[in-house]
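Beneath this line is the structure, given in structure tokens, with notes to follow.
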């Protein structure tokens, strides 16, 4: 499939990748849900086969905007990124745009990300698909087309899930934003000086979760030296790999990367990945897979940072592009890869 053109132009002050990334995470105001809509939201708890649970926020479609109702649209499952949750700005922004278009949204929390520690030793990882499959199985109960959307780690999980033989036949299409498709290469980038700020943020919250788990599980990996960890190499070697059955961190990254499975995906998948993403190495961009796989639609704007795409107005570029793509594949459009609308420069 030809590479998609991009019309994304950030405001002049957000053309630097780190500014775009950080402002999207920390500075943005999301107007959804409004006070009148909050009472319509509800949190569900799904039990898992291993005795754990997943908390899911269900957003019903809005019916007062002229959009079609959920009976003619579908259910979108949104997966957050590393150390995120279902009420992060980027999740709520996309959820708001989707419900305005008449979709029902299920924004789920990975284990220990909903504000309550999960019951088991395990947490989550880049290649986790069992929990995503559990949420999809719940989405099937609505009897509507199921669509998937994810950011960063959540997007990587979606790519892995789509390539699996057990993928639900209800899943019609998917979209993933800022996926570091080559995890070994991305880990090297994250260990470099340009990502120290992000690593401090991620490791601070991950350490707190490891301390909580170690207090409950006597056989949990040792916390010795953990406070000095500065990279994912150290953290994944000590915790992620052994907790989830991988021989070591390198094996974990290799076996959970999205890049090797992209050629096997046989339903429409839209990937939005900024050329200046500070988390990505050159090999993280799946140019060859997009050219060779008719189901893969790749858009690489010059700017955007990591899960950034700062835009003017209430609906940001990534939200509109993802919603356009999913709308087309929920039976509401004729173009399988809607052309980007040109943005006014900031």
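No lab work stands behind these numbers, since they all come straight from the coordinates. Only a predicted model underlies this, so the values are computations on that prediction, with no experimental measurement involved. Cβ sites come from the backbone with ideal geometry, for glycine too, and all protein chains shown count toward neighbours.
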**Prompt:** Mind checking which of 288, 131, 55 has the largest fluctuation in a GNM of the chain, springs on alpha carbons under 10 Å?
**Reply:** 288
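So for the chain: antiparallel DSSP bridges make up what percent, rounded to the nearest 5?
Numbers: 10 of 35 bridges.
Antiparallel: roughly 30 percent of the beta bridges in the chain.
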**Message:** Can you sort 279, 142 from fewest to most other Cβ atoms within 10 Å of each residue's own Cβ?
**Reply:** 142, 279
**Message:** For a bin width of 5 Å, list the pair-distance distribution of the range 231-305 built from all Cα-Cα distances, rounded to whole %.
**Reply:** 3, 15, 20, 17, 17, 15, 12, 2
**Prompt:** In nm, what is the difference between 0.36 nm times the number of residues separating residue 28 and residue 13 and their Cα-Cα distance?
**Reply:** 4.0 nm
**Item:** Burial ranking of peptide ranges 104-113, 14-23 (average Cβ count within 10 Å, highest at the top)
**Value:** 104-113, 14-23
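Kindly provide the helix-only [θ] at 222 nm of the chain, computed as the sum of -39,500 (n - 2.57) over DSSP H runs of four or more divided by all residues, to the nearest 500 deg cm²/dmol? Can you show the working numbers first?
Working: 11 runs with 101 residues, N = 346.
Per the formula, -8500 deg cm²/dmol.
Counting other beta carbons within 10 Å of each residue's own, what order do 132, 269, 41 fall into, fewest first? Before the final figure, lay out each step's value.
Details: 132 24, 269 28, 41 16.
Exposure proxy ranking, most exposed first: 41, 132, 269.
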**Asked** Which distance in Å, rounded to a whole number, links the C-alpha centroids of the range 274-302 and the range 105-142?
**Response** 27
**Highest average packing first - 175-185, 318-328, Cβ atoms within 10 Å** = 175-185, 318-328
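Which value, in Å to one decimal place, does the Kirkwood hydrodynamic radius take for the chain when every pair of different Cα atoms is included?
Working: mean 1/r = 0.0493 Å⁻¹.
Evaluated on the chain, it is 20.3 Å.
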**Item:** Nitroxide proxy distance, nm - points 7 Å out along Cα→Cβ at residue 200 and residue 222
**Value:** 2.8
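Under Stokes-Einstein, with the Kirkwood radius over Cα pairs standing in for Rh, what whole-number D in µm²/s applies to the range 1-159 at 10 °C and 1.306 mPa s?
94
Over the chain, calculate the relative contact order: mean separation of alpha carbon pairs under 8 Å at least 6 apart, over the residue count, as a percent. List each step's numbers first, then the result.
On the way: 693 pairs, mean separation 88.9, N = 346.
Relative contact order of the chain: 26 percent.
Kindly state, to the nearest 0.05, the FRET efficiency for residue 207 paired with residue 250, given R0 = 22 Å and r defined as their beta-carbon distance. Kindly include the intermediate steps, with their values, before the conclusion.
Details: r = 22 Å, r/R0 = 1.00.
For R0 = 22 Å, the calculated efficiency reads 0.50.
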**Message:** Above 16 Å lies some portion of the pair distances; for the range 183-256, what is it as a whole percent of all C-alpha pairs?
**Reply:** 50
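At a 10 Å Cβ-Cβ cut-off, how would you order 90, 124, fewest neighbours first?
Working: 90 25, 124 22.
Lowest to highest Cβ neighbour count: 124, 90.
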